[in-house]
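Heads up, the thing below is written out as structure tokens.
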Amino acid sequence: MSQSAEQTKPRAAQLDRRSFLKTVGGGALALPWLACSGAKAPAGSVVIVGAGLAGVTTALLLEERGIEVTLVEARDRVGGRVYTMDDVPGKPDAGGPVLAASYERLLKIAKALGAPVQPMKNFETSELEYINGQHVIAADWAASAANKLKGAERQILPGLLLGYYTGQNLTLEDGYAWAAAKHADLDIPLDQFLLRQGASPEAMRLMDVASNNNGLATTSALWGLREAQRRRDTKVRGMMESPGGNSRIPEKFAASVKGPIHKGSPVTKISSGQGGVEVACANGAVYKGDYCVVTVPFSVLRGIALDPPFEGPQKEAVEQIPYTAITQYFMVPKRSFWDDDRLPPLMWTDTPIERIFPQRDPDGRLMSLTCWIDGANAIRLDAMPEPDQIAFVLSELARIRPSTKDNVEVARIVSWSREPYSKGAYANFHPGQVTRLKPVMAKPWQRLHFAGEHTAFTSPGMEGALESAERVTDEIVARMSS
């Protein structure tokens, strides 16, 4: 590994993860398999802000090291952005829908705790593209008149174009390299990078429809390259799921935490002094500890008063790191419209409603549909009253697929940007922010330490939450032991 990439790693992240995973795989009394190393810490206490997957995993790891924990959670549930729609047929996941077989930490801890996880059943044998006003079955895309792509692009489905162009000649040495100073020349707008790679105007248009960020022009190419590297591993190793929804995983983790979990307690202020920390909540409660681990997104943290306040690049990161806008419409079919028009229920479109994902039961019966919209389209819809959003989504769906007219109703809406305790689906980066801000995002501040997917380097989503929990546990233990 190059020197610059190695210097990018947090100290704790340079530990032997293979030893950690090997230990996790064993079965012993209590939960000793959770610890990153066997040493106990001196007696101490930690207040953890946020009972999402990062928070509850950090609690388990710290307790195994002999540290007393208290979790403070704003919502009335655990799991954070891992969120199963239990009241929607088929129980689709609004947050945390991706559980890859490459998520080694999560899968091994889940197994040890008895959280059920199994290979995902894929019932979708085809996809319907709606591009340039035409219906095209995925298998017919390359030769379709609706396909305005150029050259080798014509063989690539619209939803795979971004991965195609960011995955070409991928030169990042490892999972840390995307944030290394040596790659600062790639911390440029993603659209500029894609044009350099030879993307045609039509490819650029399609990639900006459902890019999983807030727009190609406002996203760093390094973030896109990081995602390409992660997708490659996920594709090779496949997907997993938790029966009944992925919320069952953080719920099982939380049930194993010994310390209290105070739900319905939004944090308003965190004070750090020589004697410890105080975490004040909107309900008047105050929780004290030796240290505090903050796992909430920076989009939420910027609304919590800190004493003393952040300084320098860390202050800039907390205040300015963007979060991806994602809005989902969970729809229940009144009849099998896909049988009427004989088209696949899975859809990718170049319209404002972007993508439609079927949710099926274990026997393959279609129970509900998720209309998944991100970026600029989500932001525009979020600005509308909910009844107007529903009317727009249903009318647009009926326009591009007439068989759905009066045959679908919206059961739930989830806007991650409007959700007060997430304010976005996940962190991404503007051009210039990766090499300048990513290295300081997880840096301890006074008696505050940080975890969550936004602080992870090598792992995405739920696995990133566990990566951060592993790192922050080692930070706390080392500090208490010094």
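The values are calculated or read from the model by the stated rules, or taken from the named source; none is laboratory data. Bear in mind the structure is a predicted one, so any value in this text is a computation, not a measurement. Glycine gets a Cβ as well: all are built from the backbone with ideal geometry, and neighbour counts include every protein chain shown. Remember, those area values only see protein heavy atoms, side chains included, never the ligands or the DNA or RNA. Shrake-Rupley method; radii C 1.70, N 1.55, O 1.52, S 1.80 Å.
Look at the dipole of the chain built from charges on Cβ: of I67, G151, L216, the Cα furthest out on the positive end belongs to I67. Here the accessible area is traced with a 1.4 Å probe on the protein chains. For segment 143-272, carbon and sulfur cover 54 percent of it. Summing Cβ point charges (Lys, Arg +1; Asp, Glu -1) relative to the Cα centre of the chain gives a dipole of roughly 800 debye. Per-peptide packing, taken as the mean over residues of other Cβ atoms within 10 Å, places 155-165, 132-142, 423-433 in the sequence 423-433, 155-165, 132-142 from highest down.
Per residue, the chain exposes 41 Å² of accessible surface when a 1.4 Å probe is rolled over the protein heavy atoms with every protein chain present. Taking the protein heavy atoms of segment 366-482 in the context of the full set of protein chains, the accessible area attributed to carbon and sulfur is 56 percent at 1.4 Å.
Counting only protein heavy atoms and a probe of 1.4 Å, the accessible surface of segment 41-89 is 47% carbon and sulfur.
Give me log10 I(q)/I(0) at q = 0.15, 0.17 Å⁻¹ for segment 275-412, Debye formula, one equal scatterer per alpha-carbon, no solvent. Rounded to two decimals, the profile gives -0.81, -0.91.
Taken over the chain, the ratio of Cα radius of gyration to 2.2 N^0.38 Å equals 0.98. With Cα atoms as the point set, the radius of gyration and Dmax of segment 340-468 evaluate to 19.1, 62 Å. Pairs of Cα atoms nearer than 8 Å and 6+ residues apart set the relative contact order; for the chain it is 24 percent.
Once C-alpha pairs closer than 8 Å and six or more residues apart are averaged by separation and normalised to the residue number of segment 150-265, the relative contact order reads 30 percent. The residue among H262, P308, C292 whose Cα reaches farthest toward the positive pole of the charge dipole of segment 248-309, with charges on the beta-carbon of Lys, Arg, Asp and Glu, is H262. Projected over all directions and averaged, the alpha-carbon convex hull of segment 64-179 occupies 13.1 nm². Of interest is the spacing of the C-alpha centroids, which for segment 404-482 and segment 365-388 amounts to 23 Å. Centre-to-centre, using Cα atoms only, segment 120-184 and segment 305-345 are separated by 21 Å. What shape does segment 168-296 have by the C-alpha gyration tensor, where a ≥ b ≥ c are the square roots of the eigenvalues, rounded means a/c under 1.5, and otherwise prolate means a/b greater than b/c and oblate the rest? The shape class here is prolate. Remark: spin-label model distance K288-R154 equals 7.3 nm, labels positioned 7 Å along the Cα→Cβ axis. When you filter the trypsin sites (Lys or Arg not before Pro) in segment 174-216 for DSSP loop state and at most 15 other Cβ atoms inside 10 Å of their Cβ, nothing is left.
Of the residues G133, L343, P97, the one whose Cα sits farthest towards the positive end of the charge dipole of the chain is P97 (charges of +1 on Lys and Arg Cβ, -1 on Asp and Glu Cβ, taken about the Cα centre). Here the relative contact order of segment 93-197, from alpha carbon pairs under 8 Å that lie six or more residues apart, stands at 11 percent. Put W445, W348 in order of accessible area, highest first, and with a 1.4 Å probe you get W445, W348.
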